[in-house]
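A short write-up of the structure that comes next.
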Amino acid sequence: MSKLGLNRSAFSARDTVCHIWKGLGLPEETLSSLYITGNESLLPSSFKIADLAQASISLTALLAAQIHALRNSALTPAVTVSREHAVIEFKSERLYTIDGQPAPSCWGPIGGLHKSADGYVRVHDNFLNHCNGAKVLLGCSLDADRAEVGSKIASWKSVDLEIAAFDAKVVISALRSYSEWDVTPQAQAVSDFPITLRKIGDAPVGFPKGMKGNNADKALRGLRVLEFSRVIAAPLSGRTLAVHGADVLWVTSPHLPDIPALDRDLGRGKRTIQFNLNELHGSSEYQRLLEDADVVIQGYRPGSLASRGLIPETLAHRFSHRGIICANLSAYGPDGPWSDKRGYDSLVQTCSGMNASEAEHYGAGEPARPMPCQALDHAAGYFLAFGIQAALYKQATEGGSWQIDVSLAGVMKYLRSLGQFEGKSGFQIPDNYNCMADVPAQYLETRDSGFGEMTALRHSASIEGVEVGWDIMPKPLGSDEKKWL
């Protein structure tokens, strides 16, 4: 438990659902429509990842059911979330095949843990610009291998290198213990509640125009979402809205590197378009899309899209006649000295003490041990989707424009507050679900995609009498027309 946060170590997955649901002021009677069971850990870790997986996915599905009921003036249908399926879905970017070929690794050649002069650092190199940027910062040639990079890191103090990396816009984090993280100003700035929802402008009461009327086959059919994102968490939020019927336009840039292995999984349910983000503000095509967007998601470094006009308060003023929802995913949250810094799941695990604590519990003398999946990314994506739906529900019942903020560090703090299994007890089960052969067949679907025949995970939540599933399978980035359905 964090000294800076609350102790929720007695929470079950259902307790987490109830806590977050009530925390956003949603109708408590709806909670009786959720059916979840199981208390198995399922993944080898000291952290309660299975609880987080089942709870975060349950929240999104339950609120989708609530919105469907409100649209149809009906009772909230029953929602069921399999614990095993939810845990496996927290590994979805690893668990698919295309034409029988498994998903390739996303990790680069120099990434991972490196010994420093006074401890350790973790280098993130999934994107080529970050890999090359780290080499330049360290004084290496661009063809340097991991050993050469490691030899350069060995002369740096961990925190000094972390600070230098922030300044150089590359991504390297110092390995800290809980006690070392807890005294940092950034740790103290991270919210104890993982989703921030606030009203940023007045607008009429009601659903967006595309959601008016009833008898929709899916809960969010007619919702228009403009998503600016990369990597896992923010794209996952759009994928989650899409599984419930939202029309999600995923905006990427031809001038920025991507990670195709991730895009195959996270592109499900979405149409994909491209803009030069540096020319976004002056694009008439973009302005036409924005004019009819109900939700704008941004998962880039905080502030990086503000110069392109994506400022929540400005959008709320512009669309005061109808309202808009602005959702932000960041590494460290909207407050504190790191609020504008880049970060990724593996690095938040490193800098916050999670990796060190996981290693201590495992007891093999390692300096750090990562969690068995990108749990912060996945939970953050579902929390962001849930926050967007909460804003949509409040628009329909109270009116207004709304902003949602979710951060990887906020999810880390919440997961930590759930407590850890004692000693090595959390590691007594094998690390299952690492390849498609490990996944029960009933959790899979096979469909044609823009890359070949794709076998991947179905969504782990079901809503009684309401369709749940992706209408669109992934395709090359930029494949679609720049228009709403």
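The values are calculated or read from the model by the stated rules, or taken from the named source; none is laboratory data. As the structure is a computational prediction, the values presented were derived from the model and not from experiment. Note: ideal-geometry Cβ built from the backbone for every residue, glycine included; neighbour counts use all protein chains shown. Please note that ligands, DNA and RNA were not included when accessible areas were found on the heavy atoms of the full protein model with its side chains. Shrake-Rupley method; radii C 1.70, N 1.55, O 1.52, S 1.80 Å.
Scanning the stretch 113-132 for residues that are open to solvent by 20 Å² or more (accessible area, probe 1.4 Å) and within 19 Å of T350 (Cβ to Cβ) returns L113, K115, A117, D118, Y120, R122, N126.
Just so you know, in the stretch 112-138 the residues that are modelled with pLDDT of 95 or more and closer than 24 Å to H378 by Cβ include one that is farthest from the chain's Cα centre (by Cα), and it is L113.
Condition first: over 30 Å from A189 (Cα atoms) and in contact (Cβ under 8 Å) with a residue 12 or more places away in the chain. Can you find one or more residues in the stretch 407-417 that meet it? Checking the stretch 407-417: not a single residue is over 30 Å from A189 (Cα atoms) and in contact (Cβ under 8 Å) with a residue 12 or more places away in the chain. Residues that are open to solvent by 50 Å² or more (accessible area, probe 1.4 Å), polar (S, T, N, Q) and assigned to a helix (DSSP H, G or I) do occur in the stretch 23-33, at least one of them.
For the stretch 93-111, name all the residues that are surrounded by 21 or more Cβ atoms within 10 Å (Cβ to Cβ), at pLDDT 95 or above and in contact with a Lys or Arg (Cβ under 9 Å, 6 or more places away or on another chain). Those that are surrounded by 21 or more Cβ atoms within 10 Å (Cβ to Cβ), at pLDDT 95 or above and in contact with a Lys or Arg (Cβ under 9 Å, 6 or more places away or on another chain): E93, Y96. I'd like to verify a number: residues in the stretch 231-288 that are open to solvent by 40 Å² or more (accessible area, probe 1.4 Å), touching a Pro at 6+ places or on another chain (Cβ under 6 Å) and not in a strand (DSSP E or B), how many? Of the residues in that region, 1 qualify.
For residues that are touching a Pro at 6+ places or on another chain (Cβ under 9 Å) and of a type in the set (G, A, S), scanning just the stretch 212-230, find the one that is most open to solvent (accessible area, probe 1.4 Å). Within the stretch 212-230, the match that is most open to solvent (accessible area, probe 1.4 Å) is G222.
Among R198, R268, which is the only one that is among the basic types (K, R) and closer than 27 Å to P476 by Cβ?
None of the others qualify; the one that does is R268.
Screening L42 with (1) touching a residue at least 12 places away in the same chain (Cβ under 8 Å); (2) out of contact with any strand residue (DSSP E or B) (no Cβ under 9 Å at 6 or more places or on another chain); (3) under 30 Å from G150 (Cβ atoms) gives one miss only, at (3).
Among L485, L408, L418, L376, which is closer than 30 Å to H317 by Cα and surrounded by 21 or more Cβ atoms within 10 Å (Cβ to Cβ)?
Numbers: L485 fails: surrounded by 21 or more Cβ atoms within 10 Å (Cβ to Cβ); L418 fails: closer than 30 Å to H317 by Cα; L376 fails: closer than 30 Å to H317 by Cα.
Matching residue, one of L485, L408, L418, L376: L408.
Close Cβ contacts (under 7 Å, 6 or more residues apart or on different chains) running from residues in the stretch 85-104 that are without any contact (Cβ under 8 Å) to a residue 40 or more places away in the chain and within 13 Å of D438 (Cβ to Cβ) to residues that are of a type in the set (S, T, N, Q) and open to solvent by 10 Å² or more (accessible area, probe 1.4 Å) are absent.
Filter the stretch 184-199 down to the residues that are touching a helix residue (DSSP H, G or I) at 6+ places or on another chain (Cβ under 7 Å) and open to solvent by less than 30 Å² (accessible area, probe 1.4 Å), then identify the one that is farthest from K22 (Cα to Cα). Spell out the reasoning first.
First, the residues of the stretch 184-199 that are touching a helix residue (DSSP H, G or I) at 6+ places or on another chain (Cβ under 7 Å): 187, 190-195, 197.
Then drop every residue that is not open to solvent by less than 30 Å² (accessible area, probe 1.4 Å), which leaves 187, 190, 194-195.
Details: A187: 25, V190: 20, P194: 13, I195: 12 Å.
So the residue we want is A187.
Being under 22 Å from L197 (Cβ atoms), out of contact with any Ser or Thr (no Cβ under 7 Å at 6 or more places or on another chain) and either open to solvent by less than 10 Å² (accessible area, probe 1.4 Å) or of a type outside the set (D, E) (or both): is that true of K413 here? Explain how you work it out, then say what you get.
Values: under 22 Å from L197 (Cβ atoms): yes; out of contact with any Ser or Thr (no Cβ under 7 Å at 6 or more places or on another chain): no; either open to solvent by less than 10 Å² (accessible area, probe 1.4 Å) or of a type outside the set (D, E) (or both): yes.
Criteria not met by K413.
Taking each residue of the stretch 426-441 that is more than 14 Å from T97 (Cβ to Cβ) and looking for partners that are small (G, A, S) and open to solvent by less than 40 Å² (accessible area, probe 1.4 Å) with beta-carbon atoms closer than 8 Å, six or more apart or interchain, yields G426/S41; G426/S45; G426/S46; F427/S45; F427/S46; I429/S41.
Within the stretch 429-467, restricting attention to residues that are of a type outside the set (K, R), touching a Gly at 6+ places or on another chain (Cβ under 9 Å) and not in a strand (DSSP E or B), the residue that is most open to solvent (accessible area, probe 1.4 Å) is E467. Just so you know, in the stretch 178-195 the residues that are under 23 Å from the mean Cα position of the chain (by Cα) and of a type in the set (A, V, I, L, M, F, W, C) include one that is farthest from A380 (Cα to Cα), and it is W181. Inside the stretch 314-357, residues that are outside any loop (DSSP other than H, G, I, E, B) and crowded, with 23+ Cβ neighbours inside 10 Å make up a count of 16.
Checked against the criterion of being closer than 19 Å to T240 by Cα, open to solvent by 10 Å² or more (accessible area, probe 1.4 Å) and assigned to a loop (DSSP other than H, G, I, E, B), the candidates P44, P77 yield just one match: P77.
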